[in-house]
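Bear in mind these aren't lab numbers, they're just calculated from the coordinates by the rules spelled out. Source: prediction; values computed, not measured. Quick reminder, even Gly has a Cβ in these numbers, built from the backbone with ideal geometry, and neighbours come from all protein chains shown.
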């Protein structure tokens, strides 16, 4: 393959990778990201945690409303105190012909009895117990939702990183194969020159060494490709031999499009991260939840007032009529006068938890600052290397073309020709490596700024 043709191929491959990997259309990477987001077990666990907290929030909301209970009791009993009534003790004389009956009595306990009732209780004043409990559950739910966003951000980055790594190894294998073909062509030329007694045999031997080295490079690149395939398939829960689809396009890479990766200042990216990182929101929601929990504990310092209404029936037999019904209306007051420090201890415990999370938030902000700075400078350095790599490839390609012609005409030594060939191959490999480093650095910057999920949702 001629240098100009090889250069066009490598640029075409890079063009296809760029235009698809950044999310244009239905790209393979987008499909893999969607699969990861739908099948990842960590995401599924977090979703179930959200469902659990949503149910807990609904349960806390229900406490604003009255509770209606139905209670039924049926009893059989015996014994207890009995009252005996003897009329003779109360009447001294009777008219002629009138006799008193035998003494009789009754028991305070009914031999059988039922009590069937409806009971309604409505909280009136709880000192903030009900409302603060509801707000705490709401904050916990929002924290879990933010946690889910953070998990998705991390998974998107890991999928992109693994995909770019695999795509890079595929390109390096292709370059290694093409380099081996060039080495084989050089061996053929050296053999012909030797047969024409224009070069010594050692140049043929040196060309054979070049072919062997090219074959070794293919083996090493192929090994890296298979390791990349294994890791990517494991990440997405595919079979280890699953073929990974890569984008294909014949357009040449537009350098200006790549440079759009870094259009803001470092401080701008930091500000974006402070506003968008899901981990920061998650911590803040947890702090707010503990603040409401503190109010829940403080509500114990206030009286608890509620209203109770009861309507039911009672008697020996199940007669649900107006002769056996009863009702009751009550205003209930509960006030904890003395708890021997239990209330204050619960409040102090909640405050200590708040302080701990505040320190954790400060530490997280410093970590985010470092992550953004690292990703920003990695991207900036890769972009600078990209411009240099393009220049190196153009120079190496032209040098190889000239040296090849000179060597075939006996005007250049074999060492010069092999050096030109190695420089050209290295420049091609370097361009591929730098390109995928740019994509990986861009994904890392999105992750550090909390933009991975939003950027993916926009382009998907």
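The table that follows gives values for the structure above.
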| quantity | calculated |
| --- | --- |
| Theoretical FRET efficiency, 1/(1+(r/R0)^6), r = Cβ-Cβ of residue 426 and residue 360, R0 51 Å, to 0.05 | 0.65 |
| Between segment 314-344 and segment 276-292, the Cα center-to-center distance that results, in Å | 41 Å |
| Label-point separation, residue 201 to residue 329 (7 Å along Cα→Cβ), nm | 12.1 nm |
| Approximate spin-label separation residue 274-residue 64, in nm, with each point projected 7 Å along Cα-to-Cβ | 3.5 nm |
| Calculated FRET value between residue 380 and residue 184, using beta carbons and R₀ = 45 Å, to 0.05 | 0.65 |
| FRET efficiency estimate (nearest 0.05) - Cβ-Cβ, residue 241 to residue 34, R0 22 angstrom | 0.50 |
| Gain upon complete extension [residue 373, residue 44; 0.36 nm per residue less C-alpha separation] | 115.3 nm |
